[in-house]
Amino acid sequence: MESRAHRKRRRVQFSCAECHRRKVRCDRNDPCGRCSAAEIRCVYAADRDEEAHYLTEVEARDNAATKSGVRRTAPITNSARSLPPSHQQPFSSPATKQRDDSQRGVTYLRGRVSEVQRDGNESVDQRTIHGVMSKARLLGTTHPIATYRQCDEMYPIDFNPECRRATETIPSSLLSEVQGLIASSKATARCVKNHQTPAGLAMEAAVRSLPARDVCDKLVEHYLRIVELPFRILHIPNFRREYSAFWDESSKRRPLFVVIVLLILSIGVQFSDEKETDPLQRQYARQWIRAAQAWLSDIRCKDFATISGIQAHCLVVLSLQFNGSKPDRIWLAQGVLQRIANYMGLHRDPTHFPEMPLYHAEMRRRLWSTIMEFEVQVSMDLGMLPNTIEFDTTPPSNLDDEAFEETTTTCPKQAPTSTQTQSSLQIHLRRSLAARITIARLMNDTFTEPSYDDVLKETNNLARIITASEASLHLFTVVHRNLINFLTRRFLLALHRPFATKALQDPRYYYSRKVCLDNALLLLTPEPDWDFNQMLLVSIILFRHIMHHAAIVLCVEVVGQIKEDQSEKQLLQLRQDARGQLLSRIRRVLNMTEKRLHEGETNVKSYVFLHMAIAQIEAMEQGMDVAAHVLKAATMAAREALDILQQQSGTETQDLGYTARYLGSEFDTMLQDDSVPLTLTELSNAGLSFGDMASWIFSDSMDEYPL
């Protein structure tokens, strides 16, 4: 008996420890399906000894680094490189049931090592900030300010020995002139903004200011054709019936529907040409928006917690987007919309409410997808974390609006995905929504810097979805294909930009540089379309953030290429045509920036910045004095921008002495206050660089921490 017990062979345990303890079947994946579903750690017994030996070394090294006060950042190398050589082995196929113990151990150890390193970093990163503090605002890396400030680490403008010259030789009068012009532009812009903010109208007065019915009909059609399909808000047949009654039976108008009509017209007027509408009607658009917002702010909670109420709030966010509002106002309006949606339970799928009518269920799915799209786009613009809660609301059905009404009780059959409906465009955007929310959270988390492993993982995930969805792009119009391109590829650009700037110093990040270049080119080469060009002229998101961001990426790339080829003059000449193509796309953005200034844009920073970037590229190509050439371009651009703003405000005097008197205390504060950021005059003695000037342009004379 004793000999039999001694000869008994111990069975090899292939199940994970948790499945073995519960005595349930394990699929032997890593992690296994049961552990993944239960959200618990999946451990295999064969790995414990190897894990304990290696993790002891890792933890000891991390503890020593923490005690010594060494600042550590989040891991940016591939996790395989963090392992000792003995553990750098290829993975087996997940479909294979019989796994080798050592290979399973490598998989588990990689995850554990990343966790240990991340835990060590989090304890240190609490003392650091991953973001930018500006005017008492903590902004993530997707905010435009972060884009500009990354230029500080780019390339000094005096890198070329042939054109290097002491910055002291630049006339101080030129520096002061640029400083005065920029300050004058800011003050004039404030004056223009005050004129652009009209006094609010009462609802009755706003309705009386509407154009004739035939003009309104055209504006409504512009909205339905261009804006409604990607951002589903209305049930089009119901809207058309009530819109017809709006004109035929004016005494029976619902106040909430009047708000909806005003907001739709304020959007549609931006896509009308001069033959359709009077230019004065575009000025009324802002008054219509203010009248709608004022009415919505006074209604009771139970009145706006309806389908019509949340439709009106969605239209407020859209109308602010297309009528030159500040991004922070859009952010605040989006916050109100988000809370109303949560209050109504739109984040829970209608299947949880069996008594809910089919019309309400489908409209709630559409509205939730629209609200989430607004949220993720605005969070990227302002460098904020998406204000999203856990939700299980499914995408809308692939149905035309005529397929269901308020009285419909039987669920209609969905059209195949290859068939275009009025919901196809929203469904297309919804496929990548989860991936884009993850990227927005990853890049705007102010506690930890994303690891390069996470960046690559999310890149593969979003790129796979974009590639799989390209087969259905032919179903949509040109304006909508361009819009999809902008709303999705901007996330790849933001994800890789912080790492692409390091590519020249560290070749491991070359992939990020390539991703940024490819997506910037795709964003700046849209298919020709009048509606989309008009959208670029009037919208906040598509131009001010996405298109300008892509232009900055190309500027950085061209400067980097010149620096790489400077030692080989023949290569510099051979690749001049390729750089010229990139430069031509940057000039297109510059032309669009100037048109936006004429259309009412008051932000001159992008206009001056692009002039400076192009001047630097030209000077580097021709071996000129870069600092002087850039400053001359900045002076010219600032003067042109000021002229445009003065035309808008009715100010004809361009004398700088008048400008100083016009600015008053603000101008005095900028010249005398030591708390103001570094000025160009000071930079002339500190080694002027392109990034320094970019940061200076983005600085403001306002207090960093206003009371």
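Data for the structure
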item	result
Accessible area per residue, Å², region 202-397 with all protein chains present, probe 1.4 Å	40
Relative compactness, region 202-397, computed as alpha-carbon Rg over 2.2 N^0.38 Å	1.01
Cα→Cβ-extended label distance, 7 Å offset, between GLN13 and ASP643, nm	8.1
Electrostatic dipole magnitude of region 202-397 [Cβ: Lys, Arg +1; Asp, Glu -1; Cα centre; debye, to 20]	340
Separation between Cα centres of region 242-261 and region 294-321, rounded to whole Å	16
Listed peptides 225-235, 543-553 by packing density, highest first (mean Cβ within 10 Å)	543-553, 225-235
Carbon and sulfur %, accessible surface of region 278-419 computed with the full protein complex present, 1.4 Å	54
Peptide ranges 299-307, 475-483 listed from the most packed, as the mean C-beta count within 10 angstrom indicates	475-483, 299-307
Gap separating the Cα centres of region 424-445 and region 376-390, nearest whole Å	10
Accessible-area composition of region 458-606, carbon plus sulfur, in percent [1.4 Å probe]	52
Length added when fully stretched, THR394-ARG22, from 0.36 nm per residue minus Cα-Cα	130.6 nm
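The values are calculated or read from the model by the stated rules, or taken from the named source; none is laboratory data. Since the model is a prediction, treat every value here as computed from it, not as a measurement. Methodologically, a virtual Cβ is constructed for each residue, glycine included, from the backbone with ideal geometry; neighbour enumeration extends over all protein chains shown. Accessible surface areas use protein heavy atoms only, side chains included; no ligands, DNA or RNA. Shrake-Rupley method; radii C 1.70, N 1.55, O 1.52, S 1.80 Å.
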